[in-house]
1. Under 30 Å Cα to Cα from residue 1, which lysines show up? Leave out anything in the same chain fewer than 8 places away.
2. Taking +1 at the Cβ of each Lys and Arg and -1 at the Cβ of each Asp and Glu, which of 98, 56, 41 sits farthest along the dipole of the stretch 41-118 towards its positive end, judged by Cα position relative to the Cα centre?
3. Tell me which lysines have Cα within less than 24 Å of residue 177's Cα, excluding those fewer than 8 residues away on the same chain?
4. Would you mind getting the accessible area per residue of the chain, heavy atoms of the protein chains only, 1.4 Å probe, in Å²?
5. Using θ = phi - 60° and the Karplus form 6.51 cos²θ - 1.76 cosθ + 1.60, what ³J(HN,Hα) does each residue of the stretch 119-126 get, whole Hz, x for Gly and Pro?
6. Given the C-alpha centroids of the stretch 1-45 and the stretch 101-170, what is the distance between them in whole angstrom?
7. Which listed residue (25, 169, 75) has the Cα farthest towards the positive end of the charge dipole for the chain, taking +1 on Lys and Arg C-beta and -1 on Asp and Glu C-beta about the Cα centre?
8. Would you work out what percent of the accessible area of the chain, with all protein chains in place, is carbon or sulfur (probe 1.4 Å)?
Amino acid sequence: KWENARRVERSQRGKRGKAESGLFVGGRPPYGYSVDREAQGGLAVNEEQATVIQRVFDLYVHKGYSIRAIADTLAAEQIKNHSGGYNWGKSSVARILANPTYAGTVYYNKYQRTNNGRKLIVRDGDKWIAIQVTPLIAQYIYKEAQRRLASNRERVRKQPARFYLLSGMIVCAHCGK
């Protein structure tokens, strides 16, 4: 147990050092990039996939497509996903839209495992290690996508799962709900 704990600690220290030196640390690189130690941040741009990323953001921000419509469009046009298949899931498109890597910054040490490694929680922002990479989209496009994602999240949260005849007509005088 003690030797295993030492090995884990050494491994984490090495990864942290690599991230602090400005290189990508992790397994599979984000869609649109490939691992290259000589490139900025340790990630080289995959031109074919980068055009897909730019198209996803264009469809979402400028053309107003929904996440489902983007996934359906990419699948209909037979564009390969990260695994090499042609089926695009809504969650894959949503992850692309929420990923700050495409605006030029990868974060290491963002999450921490709890409950014996079963649950991920977000660490405080001061513990994150920012790694600069070649951006695939402009910063303002990324921010607009984040604004729209947050707006959609808030709108969905306000919609009830079921319809009630008296919904919104009866209000508690004590708490206001």
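1. Within the straight-line limit of under 30 Å, residue 1 reaches these lysines: 15, 18, 110, 119, 127.
2. Working it through, the farthest residue towards the positive pole turns out to be 98.
3. Filter leaves 158.
4. On the way: 12310 Å² over 177 residues.
Heavy-atom SASA per residue in the chain reads 70 Å².
5. 10, 9, 10, 7, 6, 4, x, 6
6. Distance between centres, Cα-based: 23 Å.
7. Value computed over the given set: 169.
8. Values: 6160 of 12310 Å².
Here it works out to 50 percent.
The values are calculated or read from the model by the stated rules, or taken from the named source; none is laboratory data. The model shown is predicted, which means the values in this text are computed figures rather than measured ones. Glycine also receives a Cβ, built like all others from the backbone with ideal geometry; neighbour counts cover every protein chain displayed. Accessible surface is based on the protein model in full, side chains and every heavy atom, while ligands, DNA and RNA are left aside. Shrake-Rupley method; radii C 1.70, N 1.55, O 1.52, S 1.80 Å.
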